[in-house]
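Heads up: the structure comes next, in structure tokens.
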Amino acid sequence: MWLGKATQFLRRAFYPVSRVINSVGLGILAVMMLLTAADVTLRYVFNRPIPGAFELTEFMMAIVVAFALAYTQVHKGHVSVDLVISRFSPRVQAVINTITYFLGLGIFSLITWRSIIYAESLRLGGFTSSALYIPIYPFVYVIAFGSAILCLVLIYNLFEHLTQVVAGIRWWVWSGLLLIIAVVLVLFAAPVWGQGLIWEVKPLTAGLLGIGLLIVLLFSGMPIGMVMALLGFVGMAYVAGLGAGLTSIGAPPHSTAASYSLSVIPLFVLMGAFCFYSGLSRDLYFTVYRWLGHLPGGLSMATVGACAGFAAVSGSSVATVATMGTVALPEMQRYKYDSALATGCIAAGGSIGILIPPSVILVIYGILTEQSIGKLFLAGFIPGVLEAVFYMITIYILCRRNPLMGPRGERSNFIERLVSLKGTWGVLALFVLVIGGIYMGIFTPTEAAGVGAFGAFLFALGKRQLTWKRFTDSLVETGKTTALTFLILIGAAIFGYFLAITRLPFELADMVAGLEVNRYIILGVIIIIYLFLGAIMSAMAMIILTVPIFFPVIVALGFDPIWFGIIIVRVVEMGQITPPVGINVFVMKGVAKDVPMYTIFRGIVPFLIADICHVILLVAIPQISLFLPNLMK
């Protein structure tokens with residue numbers, strides 16, 4: 001069949017291309033890390049910074065993001081919500097995927113086209129960077145090129161699922177499928193061709209309809225970034241005209257990807273990857289085990305403590321769960337720990353990864369709300385440590401009531417405990433380097449990411465753990481995380497233009513501020529909404545989607561933005577382990593393949609109770625979060 005042959009041709013032709021350009025982007029990511037570390041060193045030690053280093057970083061960021069998009073799609077790495085679609089039959093899933101890939105291909109074809117037009121306008125206008133006078137337009141063309149390769153991969157995905165749909169069926173089913181696609185296109189194009197002809201909807205109502213459609217499409221399994229970009233374009237085209245809609249998708253992909261402040265994301269992720277491949281997690285676990293292993297549930301406590309330590313160099317809850325699961329679970333199984341407690345403490349402990357600095361989620365929150373990332377990092381430290389303490393207390397109570405849940409481990413003498421501390425010096429050194437450098441004003445949070453990544457690289461080399469394969473694996477994992485993050489950020493930027501023109505966030509803030517109820521009741525409602533959303537989507541997507549809506553409300557109510565950031569990230573953490581999704585639970589299931597999903601969720605329940613107590617404490621006593629930031633000049 002010609003469709004199957006075309007699918008195979010696309011796979012053979014464009015998969016290697018995506019792999020090659022991804023490798024180029026990852027090489028540039030490594031150069032970006034070295035550039036940042038060298039710039040900070042030369043400036044601080046010799047007072048001779050590299051001229052235009054921040055501009056070079058922006059240009060390199062554009063290449064890294066653009067060249068990783070297609071490769072990540074090849075490996076189905078972009079974030080989507082498949083909670084609903086996964087319940088359908090394979091044939092129905094193929095039909096839905098065919099439609100969503102068709103829509104994704106449509107919006108990224110438009111983005112490619114508009115990026116080329118935007119690049120040409122910059123070329124004709126002679127726009128250059130302010131310090132090095134480097135033309136900007138070639139890097140916009142890079143974004144267009146990356147989007148075009150992504151489109152080719154989406155064509156392959158479209159044909160792949162279309163082949164499953166039409167296999168062994170008659171021509172009239174073909175016709176029905178094409179009719180469905182045509183109806184979908186008409187429905188999404190209606191706000192454009194129907195503007196001023198069929199109906200007129202006020203901008204505020206259009207904003208509410210856009211959010212409703214966003215929720216519906218999120219459950220279709222379509223990548224979240226593509227959903228937001230599609231609805232942002234269609235909404236803008238309806239409210240402000242087709243020209244405004246097309247303009248809104250031209251510049252955001254480049255301005256988002258080539259962002260100096262957002263370069264902190266791939267560099268902090270790279271820092272965590274180097275730490276993982278250097279064996280740092282195993283050293284942390286056995287050090288904490290020497291100190292706590294003899295207590296009731298001591299191995300579980302050691303796991304939570306190691307999770308907190310690894311969070312200080314990772315910034316990712318998923319990475320923390322995957323890492324500590326492979327290290328700690330076999331040990332707890334060897335000591336006959338209850339499966340629910342063993343898996344539950346790892347899944348819950350992993351969630352600490354997005355609160356204790358450096359945290360990618362806090363970085364995104366800080367950029368979206370224009371708050372100090374350094375202050376957010378400091379604000380997350382004490383609550384993060386308290387979270388670990390709450391979990392340890394929970395484990396102690398459970399194992400005191402039922403010693404069989406967590407038998408005591410071997411008791412270590414004082415000398416063994418002191419000797420074990422040598423395994424933690426790497427984490428301590430990196431944490432002090434990053435957070436101390438920010439606090440003392442030696443470098444910015446963005447520069448701290450590059451310095452931290454380079455420090456982790458040197459640490460891994462010093463331990464002789466960083467083989468060439470582990471080095472490339474670190475870059476590849478970082479590239480995937482970077483691509484999935486920036487696809488969401490690009491989509492959010494386009495959708496944000498639409499929301500801004502409808503004035504929905506500001507109208508909502510005014511309405512809520514005018515309610516004659518206690519502001520803490522409103523805060524409680526917002527927290528409940530975050531708990532619900534956290535159970536069905538990823539933390540990053542939820543923060544990007546909701547903060548632009550809720551942040552004006554919080555400001556209008558007079559709450560501290562730094563404190564609110566910690567509260568929301570803390571609540572988002574709870575969503576990572578809350579049924580029915582709980583991404584950490586699924587990662588844990590991938591590690592503990594022989595443990596039923598029900599058992600893992602059962603083990604989560606005591607930790608969710610501890611989470612609720614912790615959140616109540618943070619809300620009741622804001623100074624827990626604000627004490628350290630208030631010391632920062």
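Readers should treat all values here as calculations from the given coordinates under stated rules, not as data from a laboratory. As the structure is a prediction and not an experimental result, all values here were calculated from the model. Please note: Cβ atoms are built from the backbone with ideal geometry, for glycine as well, and neighbour counts cover all protein chains shown.
Which order do the peptides 89-95, 16-22, 139-145, 614-620 take when ranked by the mean count of other beta-carbon atoms within 10 Å per residue, highest first?
Descending mean neighbour count gives 139-145, 16-22, 614-620, 89-95.
7 Å from Cα along Cα→Cβ at both residue 336 and residue 128: what's the point-to-point distance in nm?
Here the modelled spin labels are 7.6 nm apart.
Between residue 202 and residue 417, what length in nm is gained on full extension when 0.36 nm per residue of separation is reduced by their alpha carbon distance?
Additional length available on full extension: 70.7 nm.
Give me the angle, in degrees from 0 to 90, between the Cα long axis of helix 137-166 and the longest principal axis of the Cα atoms of the chain, rounded to the nearest 10.
With both axes taken from Cα atoms, the answer is about 90 degrees.
Assuming R0 = 22 Å, can you tell me the calculated FRET efficiency for the pair residue 393 and residue 620, based on Cβ-Cβ distance, to the nearest 0.05?
Taking R0 as 22 Å, the efficiency between residue 393 and residue 620 is 0.80.
What FRET efficiency, computed as 1/(1 + (r/R0)^6) with R0 = 41 Å and r the Cβ-Cβ distance, is obtained for residue 613 and residue 89, rounded to the nearest 0.05?
0.45
Can you tell me the 0 to 90 degree angle between the C-alpha axis of helix 264-277 and the longest principal axis of the chain, rounded to 10?
Helix 264-277 and the main axis of the chain meet at about 50 degrees.
Subtracting the Cα-Cα distance from 0.36 nm times the residue separation, let me have the gained length for residue 602 to residue 458 in nm, one decimal.
Extending this stretch completely gives an extra 47.7 nm.
Over the chain, what is the mean sequence separation of C-alpha contacts under 8 Å (at least six apart), divided by residue count, expressed as relative contact order in percent?
Answer for the chain is 19 percent.
Distance in nm between label sites at residue 586 and residue 528, each 7 Å beyond Cα in the beta-carbon direction?
Placing both labels 7 Å beyond Cα along the Cβ direction yields 2.7 nm.
Please give the length that would be gained between residue 400 and residue 520 if that part of the chain were fully extended, namely 0.36 nm times their separation in residues minus their C-alpha to C-alpha distance (nm, one decimal).
39.6 nm
Quote the FRET efficiency, to the nearest 0.05, computed for residue 216 versus residue 120 with a Förster distance R0 of 30 Å and r equal to the Cβ-Cβ distance.
Details: r = 36 Å, r/R0 = 1.21.
The value I calculate is 0.25.
Within a 10 angstrom radius of the beta carbon, how do 283, 594 rank from fewest other beta carbons to most?
Numbers: 283 21, 594 7.
Listing 283, 594 from fewest to most nearby Cβ atoms yields 594, 283.
Any chance you could give the angle, 0 to 90 degrees and rounded to 10, that helix 224-240 forms with the longest Cα principal axis of the chain?
Relative to the chain, helix 224-240 is tipped by roughly 40 degrees.
Just order 273-280, 384-391, 302-309 by mean Cβ neighbour count inside 10 Å, highest at the front, would you?
Put in order of decreasing packing, that is 302-309, 273-280, 384-391.
Using alpha carbons only, how many angstrom separate the centre of region 456-516 from the centre of region 69-117?
Computed from Cα coordinates, the inter-centre distance equals 19 Å.
Considering only 46, 250, 272, whose Cα is most displaced toward the positive end of the charge dipole of the chain, charges sitting on Cβ of Lys, Arg (+1) and Asp, Glu (-1)?
Comparing the listed Cα positions along the dipole, 272 ranks first.
Please state the shape class of region 202-259: rounded when a/c is under 1.5, otherwise prolate if a/b exceeds b/c and oblate if not, all from the C-alpha gyration tensor. Intermediate values should be presented prior to the final figure.
Numbers: a/c = 2.37, a/b = 1.11, b/c = 2.13.
Oblate.
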